[in-house]
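S.K.: Here it is, the structure in full.
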Amino acid sequence: MRRVSFLFFLALSSVLCAGATKLTGLVTDQQGRPLPYASVLVKGGSRGVTSNNEGRYSLDLEPGSYTLSCQYVGYARQEKMITVKASDEALELDFRLSLQELSMAEVVVRPGGEDPAYAIIRYAIKKRKDYENPLDSFTCEAYIKTLIKTRKLPKKVLGQKIEEKDKRQMGVDSAGKGIIFLSESLTRVAFKRPGKLKLEVLSGRESGSNGYGFNFPTFINFYNNNVNIMASRMSPRGFVSPIAESALSYYRYKYLGSFIEDGKEINKIQVIPRRKYEPLFSGTLNIVEGEWRIHSLDLQLVKESQLEILDTLEIRQIHAPIGSLSSGGLFSGSAGAGLARDGKNPAGVWVTKDQVVYFSFNVFGVDAVGNFLNIYNKYDVAPQFRKKFFNNVLIRYDTTVNKKTHDYWDSVRPVPLEPEELSDYRRKDSVFQRIHDSSGARRNRDSLLKEQGKVRPWQFVTGFNRSDFDPTRPLTYSLDPVITGLRYNTVGGLNLHIQGSLSRRFKASGNELSFHPHIRYGFGNGHLNAWGVLALDTRSLVRDGEDFIRSRQRYYFSGGKRVSQFNQEEPITETLNSLYTLLARRNYMKIYENYFAEFRTSRRFDDGLQITAGAKYEDRRPLNNTSDFSVFGGKDPAFTPNYPYEKLDTQFLPHHAFLTGIDLQYQPGMKYIEFPNNKVPIGSRYPSFYFSWQRGWRGPFGSVENFDKWSFSVKDDLNFKLGGLLRYRLGIGGFPDARTVNIQDYQHFNGNQLLFASQYLNSFQLAPYYANSTTASLYATGHIEHHFNGLLTNKIPLFRTLDWWLVGAANGFYVSGHNNYAEVSGGLENIFKLFRVDVVASYLNGKTGQVGVRLGLGGVLGSNFMSRRRGVSGE
């Protein structure tokens with residue numbers, strides 16, 4: 001009996017301890033050239049892997065007999081059988097694929113007749129909606145690998161020299177070649193109708209850091225009429241799908257033949273753009289006969305496709321029945337199985353299995369190539385979502401996202417790493433670990449302190465930026481260069497404004513305390529002004545089940561003696577005013593002096609609501625011109641007085657003002673990215689709404705004000721894809737009580753009398769600064785502009801070669817029949833990707849005003865810079 005028990009235990013142990021056999025192999029063409037990112041599937045199951053860039057694959061198999069299927073776009077699929085024994089530790093199985101042999105025996109194209117590809121495409125277009133979003137709900141996992149390599153680096157980028165130490169930190173050799181970014185991640189995708197999506201980043205790693213890597217699957221759905229490729233900056237208009245409703249107007253097609261796979265006939269279609277300089281693909285598209293669905297594709301974009309930033313982009317996709325990619329047990333026809341959109345068993349639904357996006361770019365002399373690899377598997381078409389699973393968190397990171405072991409990655413990675421990727425991970429990760437261990441962190445901090453050096457006396461003139469590199473509570477301090485603080489105006493003559501900053505960040509809580517001192521001296525009038533701003537930013541994260549509830553609070557204290565513009569929105573910068581004063585004798589900026597104290601607090605909530613409230617006291621004092629100097633023009637024209645002379649006959653009288661106010665900003669449907677210890681808003685598809693109320697109080701602190709002032713506005717961006725981008729901002733407001741309102745508290749419309757454009761959608765490009773300021777009980781404003789993003793100009797040879805885009809705009813405000821303004825403009829943007837030029841015609845009080853030119857920023861890079869400026873200013 002003991003002997004039997006012993007033998008039974010031994011047999012059981014051998015079964016439990018038997019490990020999977022490692023199957024490896026190489027996928028090549030008939031000439032022995034590797035086929036990168038080929039798909040290798042276990043037939044009849046749900047397991048599969050992808051070969052790496054060198055054509056090598058790796059797969060763990062339990063003992064048994066298997067049929068492996070290898071597939072690559074443009075090549076005939078190959079199947080091989082293999083038997084795995086318990087005694088096998090490692091096996092090899094190579095695939096040598098042949099170019100797809102196409103049959104055209106039954107195809108007859110008569111002279112002048114239509115190519116048979118058009119009939120196939122028409123069928124595919126009819127079926128497009130059925131395949132666009134075929135499932136009511138599903139989950140799947142996406143493995144994402146991102147690789148970017150430089151082929152060449154310039155000696156300088158934007159005037160900054162690239163030192164050898166910079167190259168070493170980037171991980172490239174002396175010639176500027178090497179991997180500059182490598183990451184991989186595993187993300188769970190969840191979808192439910194109508195339009196509910198959530199991404200859960202389960203794990204992520206980035207070479208040489210503890211970052212999360214690039215974690216977002218690049219969903220590219222060719223069943224959509226308009227195809228988005230990663231960021232909208234790549235093409236603001238999107239790209240027309242080869243099977244879009246209007247595809248026949250944009251593409252020509254050529255039937256290349258067909259092949260048989262799994263008993264299905266697959267038609268290979270060549271896709272050819274009808275015109276250059278349109279957002280169109282070229283390449284090949286494989287369509288399943290009778291079902292008219294996409295089997296696979298290989299499509300390219302180039303500069304002539306209105307591709308921005310990148311020089312080339314290639315997309316390869318392999319589609320497969322969802323049943324072959326499931327985690328098992330979902331397609332047996334059981335009552336628990338999910339349904340396709342048409343109510344049928346979802347096993348017949350096809351989805352993207354593998355997707356590779358290759359790209360290249362050359363920006364500022366940085367020549368690089370890269371790819372995004374997405375592999376989808378473990379589909380579940382009958383998921384059970386917990387209550388409130390789909391909330392305002394679009395992307396959620398697991399708390400252990402960047403803490404996975406090497407063994408973990410070896411177990412989940414469906415594509416082997418290439419030798420250079422392995423080397424990059426080992427080299428950069430070892431450096432990172434060495435720097436961030438306890439002793440290495442101290443050495444690294446000492447090294448950073450030594451590298452930045454001590455503050456030298458002359459740097460109080462040239463400026464400096466320093467940190468103590470404390471790992472938990474870093475302290476930073478800086479001083480702006482003196483040259484940037486030199487200004488000139490008619491009030492103080494030559495002015496010097498010195499400003500600095502001091503901040504302490506508390507990494508554990510995410511809070512930050514900062515102080516910003518300012519000193520200003522006017523050499524012409526001898527006035528010295530000094531003031532400071534103290535700000536405390538706090539963050540609150542409260543866990544609600546598996547999610548966070550986030551709020552941010554800011555406390556803002558400021559006080560001292562300063563100089564302010566009459567229009568608190570400061571429509572003209574001091575630098576531009578200095579240039580116009582010195583060179584053209586135009587002193588547009590109007591300022592006054594004030595002792596002040598202000599408190600303001602702001603809180604942003606998870607639902608997209610932000611509330612700001614505050615109180616301000618000012619002891620306002622007039623300033624008059626003391627300088628008549630200019631470089632050109634003698635004494636003509638004469639400088640204007642330093643007050644809004646269009647509204648005041650003489651300088652205002654000194655007075656005290658005490659004001660309180662509240663501002664509400666709300667954007668419904670705000671979405672967030674939830675990191676392990678933070679939550680970041682990423683926008684909404686709905687408009688933003690703004691409301692403000694300000695009260696001027698008579699009595700407190702000697703204040704003479706007595707008024708109520710309100711405003712409401714709404715703004716949004718409407719993307720019409722091929723039709724361009726429409727942006728608008730509409731507002732109303734007024735003074736329900738205007739018993740005592742001093743000029744500083746009027747409603748000022750942001751004018752602009754300079755060559756350089758002021759903020760679009762928040763100003764009037766040819767309007768005077770103060771001529772239309774009002775205390776009326778009601779007024780209305782409107783701003784609208786349309787960015788054609790290459791539409792129309794792609795028909796004009798010179799403009800399409802230069803890649804300049806049309807832009808049109810209209811702005812206006814209305815107070816009354818004798819106080820109104822309107823302007824229309826047309827221009828070009830995306831000039832060198834940065835600049836915008838408009839010709840503007842204005843109408844003031846119903847009469848023709850003037851025509852002028854305005855220079856600004858606009859286009860792929862210029863608009864992005866303007867967006868960041870708006871984000872900083874809080875507009």
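S.K.: Over 32 Å between Cα atoms, which of K428/K833; K156/K198; K129/K264; K145/K507; K561/K671; K43/K129 qualify?
M.R.: K428/K833; K156/K198; K561/K671
S.K.: Okay, next question. Could you tell me the center-to-center distance, by alpha carbons, between the range 550-623 and the range 120-156 in angstrom?
M.R.: Cα centroid to Cα centroid, the span is 47 Å.
S.K.: Note down the magnitude of the dipole of the range 456-517 about its Cα centre, charges +1 on Lys and Arg C-beta and -1 on Asp and Glu C-beta and zero elsewhere, to the nearest 20 debye.
M.R.: Its charge dipole is roughly 80 debye.
S.K.: How much accessible surface does D262 have with a 1.4 Å probe, in Å² rounded to 10?
M.R.: Ignoring ligands and nucleic acids, D262 comes out at about 100 Å².
S.K.: What list of ³J(HN,Hα) values in whole Hz, one per residue of the range 192-205 in order, does the Karplus curve 6.51 cos²θ - 1.76 cosθ + 1.60 (θ = phi - 60°) give from phi, with Gly and Pro shown as x?
M.R.: Each residue's phi maps through the Karplus curve to give 8, 5, x, x, 8, 9, 8, 10, 10, 7, 7, 7, x, 9 Hz.
S.K.: In degrees from 0 to 90, rounded to the nearest 10, what is the angle of the helix 117-132 Cα long axis to the longest principal axis of the chain?
M.R.: Between helix and principal axis, roughly 70 degrees.
S.K.: Could you tell me which of rounded, prolate or oblate describes the range 449-570, using a ≥ b ≥ c as the square roots of the eigenvalues of the alpha-carbon gyration tensor, with rounded for a/c under 1.5 and, failing that, prolate when a/b is larger than b/c and oblate otherwise? Intermediate values should be presented prior to the final figure.
M.R.: Numbers: a/c = 3.64, a/b = 1.56, b/c = 2.34.
Since a/c reaches 1.5 but b/c is at least a/b, the shape of the range 449-570 is classed as oblate.
S.K.: Tell me which lysines have Cα within less than 18 Å of K647's Cα, excluding those fewer than 8 residues away on the same chain?
M.R.: Candidates past the 8-residue exclusion: K590.
S.K.: With a ≥ b ≥ c the root eigenvalues of the C-alpha gyration tensor of the range 477-544, is it rounded (a/c under 1.5), prolate (a/b larger than b/c) or oblate? All intermediate terms of the calculation are to be shown ahead of the outcome.
M.R.: Numbers: a/c = 4.25, a/b = 3.28, b/c = 1.30.
Cα axes put the range 477-544 in the prolate bin.
S.K.: Which whole-Hz couplings ³J(HN,Hα) result when phi for each residue of the range 160-165 is put into the Karplus expression 6.51 cos²θ - 1.76 cosθ + 1.60, θ = phi - 60°, listed in order with x for Gly and Pro?
M.R.: 9, 6, 8, 7, 5, 5
S.K.: Just to confirm my numbers, what's the Cα centroid distance between the range 205-267 and the range 85-99 in Å?
M.R.: 32 Å
S.K.: If you don't mind, there's one more thing I want to ask. Given H placed 1.01 Å from N in the peptide plane, which residues other than close sequence neighbours of S203 have an amide H under 5 Å from its amide H?
M.R.: Here the answer is L186, since their amide H atoms fall under 5 Å of that of S203.
S.K.: Right, another one. When a/c is below 1.5 the answer is rounded, else prolate if a/b is larger than b/c, else oblate, so apply that to the range 188-291 with a ≥ b ≥ c taken from the square roots of the Cα gyration tensor eigenvalues.
M.R.: prolate
S.K.: Rolling a 1.4 angstrom probe over the protein heavy atoms, how many square angstrom per residue are accessible across the range 743-875?
M.R.: 42 Å²
S.K.: When you count, for each residue, the other Cβ atoms within 10 Å and take the mean per peptide, how do 95-101, 775-781, 819-825 rank with the highest first?
M.R.: Sorting 95-101, 775-781, 819-825 by mean packing, highest first, produces 819-825, 775-781, 95-101.
S.K.: I would also like to ask the following. Need the C-alpha centroid separation for the range 390-451 versus the range 712-788, integer Å.
M.R.: Rounded to whole Å, the Cα centres lie 48 Å apart.
S.K.: Then there is this: Tell me the per residue accessible area of the range 504-596 using a 1.4 Å probe; a whole number in Å² is fine.
M.R.: Each residue of the range 504-596 exposes 48 Å² on average to a 1.4 Å probe.
S.K.: Within the chain, what whole-number % of the accessible surface is contributed by carbon and sulfur, with the 1.4 Å probe and all protein chains included in the calculation?
M.R.: Of the solvent-accessible surface of the chain, carbon and sulfur hold 57 percent.
S.K.: Amide H of L475 versus every other amide H placed in the peptide plane: which residues, excluding those fewer than 5 positions away on the same chain, fall under 5 Å?
M.R.: HN-HN under 5 Å from L475: D468, F469, D470.
S.K.: Pop out the ³J(HN,Hα) list for the range 135-146 in order, Karplus 6.51 cos²θ - 1.76 cosθ + 1.60 with θ = phi - 60°, rounded to Hz; leave Gly and Pro as x.
M.R.: Going residue by residue, I get 10, 6, 7, 6, 10, 7, 10, 10, 8, 10, 10, 10 Hz, with x marking Gly and Pro.
S.K.: Continuing with this model, one more query. Sort the following peptides by mean Cβ neighbour count (other Cβ atoms within 10 Å, averaged over residues), highest first: 673-681, 469-477.
M.R.: 673-681, 469-477
S.K.: Also: Students often check this: by mean Cβ neighbours within 10 Å, which of 116-128, 683-695 ranks highest, and how do the rest follow?
M.R.: Going by the mean number of other Cβ atoms within 10 Å, highest first, we get 116-128, 683-695.
S.K.: Hey, can you find the accessible area per residue of the range 99-249 for me, probe 1.4 Å, expressed in square angstrom?
M.R.: 49 Å²
S.K.: In the neighborhood of L158, defined by Cβ-to-Cβ distances under 15 Å, what is the net charge if each Lys or Arg adds +1 and each Asp or Glu adds -1?
M.R.: The answer is +2.
S.K.: Which one of M670, V40, H786 is farthest out on the positive end of the charge dipole of the chain, using unit charges on Cβ (Lys, Arg +1; Asp, Glu -1) and the Cα centre as origin?
M.R.: M670
S.K.: Using only the alpha-carbon atoms, how far is helix 574-584 inclined from the longest principal axis of the chain? Give it as 0 to 90 degrees, nearest 10.
M.R.: On a 0 to 90 degree scale, this one is about 60.
S.K.: Only Lys, Arg, Asp and Glu count, each charged at its Cβ (+1, +1, -1, -1), so figure out the dipole size of the range 517-583 about its Cα centre, rounded to 20 debye.
M.R.: The calculation lands at about 280 debye.
S.K.: What residues have an amide H closer than 5 Å to that of I162, excluding those fewer than 5 places away on the same chain, when H is modeled at 1.01 Å from N in the peptide plane?
M.R.: Amide H neighbours of I162: K156, V157.
The values are calculated or read from the model by the stated rules, or taken from the named source; none is laboratory data. Predicted, not measured: the structure shown is a model, and the values here were computed from it. Note: ideal-geometry Cβ built from the backbone for every residue, glycine included; neighbour counts use all protein chains shown. Only protein heavy atoms, including side chains, enter the accessible area calculation; ligands, DNA and RNA are left aside. Shrake-Rupley method; radii C 1.70, N 1.55, O 1.52, S 1.80 Å.
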